[in-house]
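To start, the structure itself, in structure tokens.
Values quoted throughout were computed directly from the atomic coordinates according to the rules given, and no laboratory measurement underlies them. What you see is a predicted model, and the numbers here were worked out from it, not measured in a lab. Glycine also receives a Cβ, built like all others from the backbone with ideal geometry; neighbour counts cover every protein chain displayed.
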Amino acid sequence: MLSERRRSELLSHVRSRGSVSVDDLAALLNVSVSTVRRDLDEMDERGLLRRVHGGAVAVDGGPEVAETPMIERSIRNLDEKRRIAAAAAQMVTPGSAVLLTGGSTTAQMVPHLVAVPDVTVVTNSVAIAYAIGIASETTQVLVLGGLMRNAELSLLGHLTTQALNDVHIDVGFFSAYGFDPAYGMLGAHLAEAETDRNMIAAATRLVVLADHSKFTQRSAVRIAPLSRIDTVVTDTAAPVEAVTALEGAGVTVLST
């Protein structure tokens, strides 16, 4: 059975039953247990299902969720986002190259970043590139090309990924759509998530900006597992149990 067809059938079984064991999937698909495990691990990384001990469970919802319009998100929890952005910007050192993805919280980093000497900002966000351009005559901006997702003013796809091959990034700052303290950073748009994963792979360190509301938002799309996240910057209203779980997993949490 071709791998893509096999994975399609595997995902169908998981979604229809809710949860399936590795042994049952191997019997249903007539393949080895090791093949099923590899498929499950890959599909878990893509956010299509959730890997559990001995099998897999379906994730809630489809591969994408409806996002609140950008202009509305930009004013929601604004004080918290400004504090989070200011704290995150303190991690940026002169002469470094930083990656900013589009988002209402990363956008709040712009006034702080333009004050850092010799910083280079790499971004796939047209909005962030424009904001830096009008705030500073000297801050260097490298815009990753690609197909623009109009609703978010973000650039996606092969051209974006290709540009990353020639860029060194010291630290990447990501605004999270949602955050699961046991599962990692979540996204809302499948195509955008693929680009985000490639940008994460290009960054030496990963910092996630997530105000307290992000800990209650869920989606089927995982962008980064906890093992890839170095630091989460949040606000003091973040759930205590979530902060404890993150710190227990070795993630540094900054609450502001």
Completion exercise
The extension gain from V57 to V33, computed as 0.36 nm times the residue separation minus the Cα-Cα distance, is 7.0 nm
Completion exercise
Longest principal axis of the chain (C-alpha) makes with the long axis of helix 3-17 (C-alpha) an angle, in degrees to the nearest 10, of 80 degrees
Fill in the blank from the handout: Note on the range 123-246, DSSP bridge orientation, antiparallel percent to nearest 5 equals 50 percent
Completion exercise
Calculated from DSSP helices alone, with each H run of at least 4 adding -39500 (n - 2.57) and the total divided by the residues of the chain, [θ]222 nm to the nearest 500 comes to -10500 deg cm²/dmol
Problem - Cβ-Cβ FRET estimate between D24 and H112, R0 fixed at 35 Å, reported to 0.05 - result: 0.10
Problem - Sequence-separation-based contact order of the chain, relative, with Cα cut under 8 Å and 6+ spacing, percent - result: 17 percent
Handout entry: Acute angle (nearest 10 degrees) that the helix 190-202 long axis makes with the longest principal axis of the chain, alpha-carbon atoms
Key = 70 degrees
Problem - Computed lengthening from L190 to Q140, 0.36 nm per intervening residue step minus Cα-Cα distance - result: 15.0 nm
Exercise for the section: Give the distance, in whole Å, between the Cα centre of the range 184-209 and the Cα centre of the range 70-139. Expected result: 17 Å
Problem - Separation of the S16 and A151 label points, Cα + 7 Å toward Cβ, nm - result: 3.0 nm
Practice task
Could you work out how far apart the two model spin labels at Y130 and H158 are, taking each label as a point 7 Å from the Cα in the direction of the beta carbon, and quote it in nm?
Solution key: 2.8 nm
Fill in the blank from the handout: Taking Cα atoms, the helix 33-45 axis meets the longest principal axis of the chain at an angle in degrees (rounded to 10) of 30 degrees
Exercise for the section: Output the peptides 226-233, 30-37, 112-119 sorted from most to least packed, where packing is the average of other Cβ atoms within 10 Å over each peptide's residues. Expected result: 226-233, 112-119, 30-37
Fill in the blank from the handout: Full extension between V240 and H168 adds, at 0.36 nm per residue less the Cα distance, a length in nm of 22.4 nm
Problem - Among [x] 128; [y] 119; [z] 109, the entry that matches volume of the Cα convex hull per residue in Å³ as calculated here - result: [x]
Practice task
Indicate the gyration tensor shape class of the range 183-246 (rounded, prolate or oblate), computed on the Cα atoms with a ≥ b ≥ c the square roots of the eigenvalues: a/c under 1.5 is rounded; otherwise a/b larger than b/c is prolate and the rest oblate.
Solution key: oblate
